[in-house]
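Undergrad: Attaching a single structure in structure tokens format; questions to follow.
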Amino acid sequence: MPLKETPNLKSKICERLKLARTEAGFNTAKEFALLNNLKISTYNLHEAGTRSMALEIIEQYAQILKINVSWLLTGIGPKSSSQVRSIAIIEWAEISTFPEKIDFETKQWTTSDIDLSPFSFALTIDNDAMEPRYPEGTIIIVDTKQKPKNKDFALILIKEKKTPLFKQLIQAEGDLYAKSLNPDYKPIRLTKSTEILGKVVQAKLIC
């Protein structure tokens, strides 16, 4: 059921919701809704204060934005809260179009409880290049705003082949290589024709 709100209370909740959304890195209400599998028109009405929100909806927004429900409702107490957020599982062929051309309503979703930028997505591994640690079918989460360092796992793009690859970055003799964990695959030396798309920050083995 919608909360019983005075006009002033509703306005303050909406102000705090917008503040939390922008501080979380979502530039627009539309962007926030798209990247979190929410109906755009409904969220716009909620943030604008033209539609009442049920407590369950307020709790959902607080969970996504990692803020305390009590702060969102009252403005009192600590704002931040460690919460789980949803991450869209996209196709490998869609990486170059993320997030603008992704139909999020058709996607499956996974969850993460670590600190991620709004521009994060998940992929399902479809080969054996990173076995045995990451077998085919494993879901990996990529944050495009985090820069991987030596020995980190990353998503790279070989520009002439337009092929995104999941690899481990290894520094050796002044060069940076993208290495598979499966010894059957040769390391790739990173050059101007390769691009690092983001850091692989989490993996989930699907049994």
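Undergrad: Using Cβ counts within 10 Å as a stand-in for footprinting exposure, how do S96, S117 rank, fewest first?
TA: Working: S96 11, S117 15.
Listed from fewest to most nearby Cβ atoms, that is S96, S117.
Undergrad: Just need the Rg to Rh number for the stretch 7-83, please, alpha carbons only, Kirkwood Rh.
TA: 0.92
Undergrad: List the lysines whose Cα sits under 21 Å from the Cα of K39, skipping any in the same chain fewer than 8 residues away.
TA: K10, K18, K30, K66, K101, K107
Undergrad: What's the center-to-center distance, using Cα atoms, between the stretch 20-84 and the stretch 102-172 in Å?
TA: 27 Å
Undergrad: Further question: Any aspartates and glutamates with Cα under 13 Å of the K199 Cα? List them, leaving off those in the same chain fewer than 8 positions away.
TA: Reachable aspartates and glutamates: D115, D143, D152.
Undergrad: Given DSSP loops and a limit of at most 15 other Cβ atoms within 10 Å, what is the longest stretch of the chain that contains no such trypsin sites (Lys or Arg not before Pro)?
TA: Between exposed loop sites, the widest span is 52-100.
Undergrad: Please state, rounded to one decimal and in Å, the Kirkwood hydrodynamic radius that the chain gives when every pair of distinct Cα atoms enters the mean of 1/r.
TA: 18.8 Å
Undergrad: Taking K162 as the anchor, which aspartates and glutamates have their alpha carbon closer than 15 Å to its alpha carbon, excluding any fewer than eight residues away along the same chain?
TA: Straight-line reach from K162, under 15 Å: E91, E94, E195.
Undergrad: If you wrap a convex hull around the Cα atoms of the stretch 86-204, how much volume per residue is inside, in Å³?
TA: In the stretch 86-204, the Cα hull volume divided by residue count equals 109 Å³.
Undergrad: Another question about this same structure. Tell me the GluC sites (Glu not before Pro) within the stretch 116-207 that lie in a loop according to DSSP and have at most 14 other beta-carbon atoms within 10 Å.
TA: E136, E160, E173
Each reported figure results from applying straightforward, stated rules to the coordinates on display, with no laboratory input. Quick caveat: nothing in here was measured; it's all calculated off a predicted structure. All Cβ positions, even for glycine, are placed from backbone atoms using ideal geometry, and neighbour counts span all protein chains on display.
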